[in-house]
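S.K.: Encoded as structure tokens, here's the structure I'll be asking about.
Taken together, the values in this text are just the output of simple stated rules run on the coordinates, not laboratory data. Note that the structure is predicted; figures quoted are calculated from it, not measured. Here Cβ is always computed from backbone atoms with ideal geometry, including for glycine, and neighbour counts include all displayed protein chains.
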Amino acid sequence: MITFLEGVLIERRPARAVIACAGVGYEVAIPLSTFDRLPEEGQSCRILTRLIVREDAHLLFGFASPSERTLFDLLLLVSRVGPKLGLAILSGLSVPQIRQAIAFQDAAMLASVPGCGRKTAERIVVELKDRIEKGTVAADGYIAGKGGTRGGPLEEAMSALMALGYSRPEAQEAVSHAAKEMGGASASTEDVVRAALTAVVI
């Protein structure tokens, strides 16, 4: 089991990162919340991981905090929820928001994430509500480091939305609307994406 990777960040994208460890490059699928906290390419980083072995592939998923990885593991316990949807949920909502939605049975909040339909959201609530107590929010304890804005939050937000399933025109419209709503205020890529997800419902 690979529990974490520590090395040099070779590549960072909204949905993936490549980390060089002892001469080996590991490609890791990541949620947007982790991407936003990665350092610049070429810098050292440490990221928590979860390895999922399938007949046709070994898939490695990375997380900046223990709470993200724990919530990812919980989501995979739900029937018909796979790693791709788990990452999408972690990209569309923060850990506290997801925990709150489950604890207070707010399926509508979960269903606002692209790819998570109403029935799936309700299934997540039903199957996980007893595992998450109301009023509890896990401490994040981020360990990957704050990411830079090499391409700028707006450009990176567009890439993140397309990774979540939006077409380029849809992503452009959503990000443009979010930028106007923010009124030019300083924001991270994660902030822009979340604002864009609430701005346009596809």
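S.K.: Hey, what number do you get for the chain at 222 nm if only DSSP H runs of n ≥ 4 count, each worth -39500 (n - 2.57), divided across all residues, to the nearest 500?
M.R.: Mean residue ellipticity, 222 nm, calculated: -12500 deg cm²/dmol.
S.K.: List Glu173, Glu156 from most exposed to least, where exposure is judged by having the fewest other Cβ atoms within 10 Å.
M.R.: Glu173, Glu156
S.K.: Which of Ser67, Ser33, Ser79 has the fewest other C-beta atoms within 10 Å, and how do the rest follow up to the most?
M.R.: Ser79, Ser67, Ser33
S.K.: Do me a favour and compute the ellipsoid semi-axes for the stretch 153-199 from its Cα gyration tensor, root of five times each eigenvalue, largest one first, whole Å.
M.R.: Those come to 16, 10, 8 Å.
S.K.: How long are the three semi-axes of the equivalent ellipsoid of the stretch 18-131, in whole Å, if each is the root of 5 times an eigenvalue of the C-alpha gyration tensor, listed from largest down?
M.R.: Value: 27, 15, 11 Å, ordered largest first.
S.K.: Subtracting the Cα-Cα distance from 0.36 nm times the residue separation, let me have the gained length for Lys129 to Thr70 in nm, one decimal.
M.R.: This chain segment gains 19.8 nm when fully extended.
S.K.: So how do Ser65, Ser188, Ser167 line up by other beta-carbon neighbours within 10 Å, fewest first?
M.R.: Placing the least packed residue first, the sequence is Ser167, Ser188, Ser65.
S.K.: For the stretch 66-128, state the semi-axes of the equivalent ellipsoid (square roots of 5 times the eigenvalues of the alpha-carbon gyration tensor), sorted largest first and rounded to whole angstrom.
M.R.: Over the Cα atoms of the stretch 66-128, the semi-axes work out to 14, 13, 11 Å.
S.K.: Okay, which of the stretch 85-116 sit inside 18 Å, backbone N to the point 7 Å along the Cα-Cβ direction of Glu122?
M.R.: So the set is 101-113, 115-116.
S.K.: Right, another one. Can you compute the modelled spin-label distance between Thr3 and Ser176, with each label point 7 Å from Cα toward Cβ, in nm?
M.R.: Computed distance between label sites Thr3 and Ser176 equals 4.9 nm.
S.K.: Still on this structure, I have one more. If the viscosity is 1.306 mPa s and the temperature 10 °C, what translational diffusion coefficient in µm²/s does Stokes-Einstein give for the chain when Rh comes from Kirkwood over Cα pairs?
M.R.: Translational diffusion coefficient: 92 µm²/s.
S.K.: Continuing with this model, one more query. What percentages, rounded to whole numbers, describe P(r) for the stretch 4-63 computed over all alpha carbon pairs with 5 Å bin width beginning at zero?
M.R.: Spelled out per bin, shortest first, that is 4, 21, 33, 26, 11, 4, 1.
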